[in-house]
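Each value in this text was obtained by applying a stated rule to the coordinates, not by laboratory testing. Remember, predicted model here, so these are calculated numbers, not experimental data. Glycine also receives a Cβ, built like all others from the backbone with ideal geometry; neighbour counts cover every protein chain displayed.
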Amino acid sequence: MVSPLDILHDTFGFPAFRGVQEDVIGRVMDGCHTLAVMPTGAGKSLCYQVPALAREGTAIVISPLIALMHDQIRSADAFGIRAASLTSADSDADRQQTLQRLKAGELDLLYVAPERASSGHFRELASRIKLSLVAVDEAHCVSEWGHDFRPDYRLLRPLLDSFGNVPRLALTATADRQTRADILVQLGIPEDGLIVAGFDRPNIRYHIRPRDGVSTQLKGLLAEQEGAGIVYVPSRDKAERLAEQLGQNGRRRVLPYHAGLDPQVRVRNQAAFVKSEDMVMVATIAFGMGIDKPDVRFVAHAGLPKSIEAYYQETGRAGRDGDPAEAWLFWGAEDFSRARRRIETEVPDDRRGGERQRLNSLAALVETADCRRAILLHHFGEDPPARCGNCDNCLAPPSTVDGTETARKLLSAAFRTEMRFGLGHLTDVLAGRDTDKVLNFGHNRLSVFGIATEDELALVKPVARALMARDALRADDFGGLSFGPGARPVLKGEEEVRIVLAPKKSGRRRRGGDAAD
Ligand code: ADP
Ligand code: ZN
C-alpha cells in the first residue's frame, strides 16, 4: 500500500500536511469514523482525497451542490485522480459511463448528492462495489442546529450503517458546539472522532460599526483600502445599485454579482475579479463559494450576515494568502428587526429557538466593546486570549456609557403610548416636545412626557439600536416599536444596557495609524 505521505508528494506535489490534515487522514486510514471541523481554506478535500487513493476501493463523497461537485472533479482531474459524479444534471450517457467505471473499480472518487445517496437504489449499487470510505461534505447540513439544515442529510444514516466497517468522514467549516455534537449523533461518529482545527485568522482585522449612510461609508473605505475586495449586500437590487454608485469615480473597477445575473455575465465578472488586483465585487452571498482567490484584501458587509458562522465564512475569503486583510461590517437596527420578524413569521416552531439564539450571538458580536476575535473564537469552541490586538475594539478601545436608564425610559414611553409609535415620536414624548402628533394623541399628559434629560436624549438612538439588537424592542413594518422578550429584564433592572459610543469620524483608519479613530 502506498503511504499517505507518498501520495501527498507524488500525486499532489505538496511537501507536508497542514494543520490537522495528518490527524484526520491517520484516523481514516485506521478505519475510524471522524468529524473534521476545519475553516475554509484549511484543505478539507485533501482529507478524503488522500485516503481515497491510499485505500483500496472507491470513496463516496456526499456533497450538497452540483456546482461544488464539478469544481471538485475538475481539481481532482488536474491531479490525475479518477473522479466522477452521479447527479440529476448528468446526461444518460454520462451516467452509464460512470456506472461502468464504478463497477469496474476504475473510480477513486464518486460524488453524489444527498437525495440520491439516501435512496435504496443507490445503497444497493454501493453494496456491490468495494468502498474505501464515505465522506460527508458540508456535514452541518445534517443538523437542525446548523444554519443550513437539509432534510436529505438526515436520510443518509441507513446508507452509512449498511457499511458499518467503512470509515466515514464528515467535514464542515462551520459548526458551533451544539451543531458539532448533533453531527456526531446524527452520523454515528464517536465523540473521540471529533477533530477541530484552529479557527483563528490572525491576519484578518475585524471592524464592526453601525451603518450611517452606507454608500458614503463604503466610498470612504474604498478610497483608502487597496487591493481586491468583496462588498456583501443583502439583495440583488442593492448589488446593482451599490456597484454603480461605488464605481462612479472610475478609480477602480466595481462589478455586481448575484444569482439573478445572466450566467455568462456572472462567469465573466467572476473571472475578472479572480484576475484583478484591485477590483471590487459588490455581491450577494451567491458569490464566494469555490472561488480560489488568495489575495482578496478586504471583505465588507453592508448589512448583517445570517449568523456568526456565515460572517466567519464570508470574511474568511479575505487574506487567504496570509497577508494583512480587513473585514468590515456595517449593521443597522433594522437588520435585526427584519431578521426577528422573519424568525417569528417564517421559521417553523421547532427551529425558532435555534435561530433566535443564533441572532442573539450576532447581536453580542456587533454590540460588544470587547475583543471581536475573542467572541468569534469562543463561538467556535476555542479558548482565546481576552484581547487580540488586531480588531477595532482592541486597537481603539471604545468608550461606553451606561444607557440603562435611557433604555427604561424609552421602553416606558413605548408602553404608555400603546406600543405602536416609531422612534421619532417616542423621542418627542421623552423630550417633552408638544408637536401636533403629541397633542393630538394627548401624549403630553403621560407620565413619561419630558422625563428624559439632554444627555439621555442624545443616547436614544444608540439605545434603541441596542434594544432592537437584543430583541427588547421590535419594529413593525411601519417602524412602530413594541416589546420583545428582552424588554422585561431591562425594565426590571436585571440587565444593563451598555452603549458603545461611535468613533468620531467614520471611515477607515490606516494600519498602524493613530488609534484614536
Ligand atoms: P477547504 O475545502 O477546506 O476550503 P480546500 O480543500 O479547497 O480547502 O484547499 C484549499 C487549498 O489549499 C487548495 O488549493 C489545496 O490544493 C491547498 N492545500 C490543501 N492541503 C495542502 C497542503 N497540505 N499543502 C499545500 N497546499 C494544500
Ligand atoms: Zn481583538
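A few remarks follow.
- Contour minus Cα-Cα distance for Asp23 and Glu346 (0.36 nm per residue): 112.1 nm
- With both residues required to sit in the chain, DSSP beta bridges show an antiparallel share near 10%.
- Our helix-only sum for the chain, with -39,500 (n - 2.57) per DSSP H run of n ≥ 4 divided by its residues, gives a mean residue ellipticity at 222 nm of -12000 deg cm²/dmol.
- FRET efficiency, 1/(1 + (r/R0)^6) with R0 60 Å, evaluated for Cys32 and Ser482 via beta carbons: 0.70
- Neighbour cut-off at most 15 other Cβ (10 Å), DSSP loop, trypsin sites (Lys or Arg not before Pro), region 143-195: none
- Over the chain, the hull volume per residue, using the convex hull of the C-alpha atoms, is 166 Å³.
- Relative contact order, percent, region 79-184 [alpha-carbon distance under 8 Å, six or more residues apart]: 26 percent
- Overall shape: rounded for region 40-144, with the ratio a/c of the largest to smallest alpha carbon gyration tensor axis below 1.5.
- Computed from label points 7 Å out along Cα-Cβ, the spacing between Phe163 and Ser45 is 2.0 nm.
- P(r) tail fraction, region 169-242 - alpha-carbon pairs more than 14 Å apart, %: 75 percent
- For region 154-289: Kirkwood Rh in Å [reciprocal of mean 1/r, alpha carbons]: 18.4 Å
- For the pair region 74-127 / region 174-249, the C-alpha centres are spaced 33 Å from each other.
- Relative contact order (%) - the chain, alpha-carbon pairs under 8 angstrom, separation at least six: 12 percent
- Magnitude of the charge dipole for region 1-111, about its Cα centre and with charges confined to Cβ atoms of Lys, Arg (+1) and Asp, Glu (-1), is about 140 debye.
- Here Met29, Met468 are placed in order of increasing Cβ neighbour count within 10 Å, fewest first, which gives Met29, Met468.
- Counted residue by residue at 0.36 nm each, then reduced by the alpha carbon distance between them, the extension gain from Met289 to Val274 reaches 4.1 nm.
- Amide N of region 265-288 lying under 19 Å from the label point, which is placed 7 angstrom from the Cα of Asp94 along Cα→Cβ: 267
- Placed amide H near Leu131: partners under 5 Å, 5+ positions off or other chain: Thr58
- Fraction in percent of alpha-carbon pairs per bin - 5 Å, region 91-170: 3, 14, 24, 25, 18, 11, 4, 1, 0
- Structure note, pairs Lys409/Lys437; Lys219/Lys437; Lys219/Lys293; Lys44/Lys306; Lys238/Lys306: Cα-Cα distances above 27 angstrom occur for Lys219/Lys437.
- Taking amide H positions as modeled 1.01 Å from N, with prolines and chain starts lacking one, the residues under 5 Å from Tyr111 and 5 or more places away or on another chain are Val61, Ala84, Ser85, Leu86.
- Estimated FRET transfer efficiency when R0 is 35 angstrom, pair Arg116-Asp200 (beta carbons, to 0.05): 0.40
- Each of Leu218, Leu169, Leu377 was scored by other Cβ atoms within 10 Å of its Cβ. Listed from fewest to most, they are Leu377, Leu218, Leu169.
- Three-way shape call for region 433-496 based on the alpha-carbon gyration tensor, with the a/c threshold at 1.5: prolate
- For region 420-486, the relative contact order works out to 34 percent when only alpha carbon pairs closer than 8 Å and six or more residues apart are counted.
- Theoretical gain in end-to-end length, Arg154 to Arg101 [0.36 nm per residue, Cα-Cα removed]: 16.2 nm
- Least to most buried among Ser118, Ser412, Ser3 (fewest other Cβ within 10 Å first): Ser3, Ser412, Ser118
- The charge dipole of the chain, taken about its Cα centre with unit charges on the Cβ of Lys, Arg, Asp and Glu (plus for the first two, minus for the last two), comes to roughly 840 debye.
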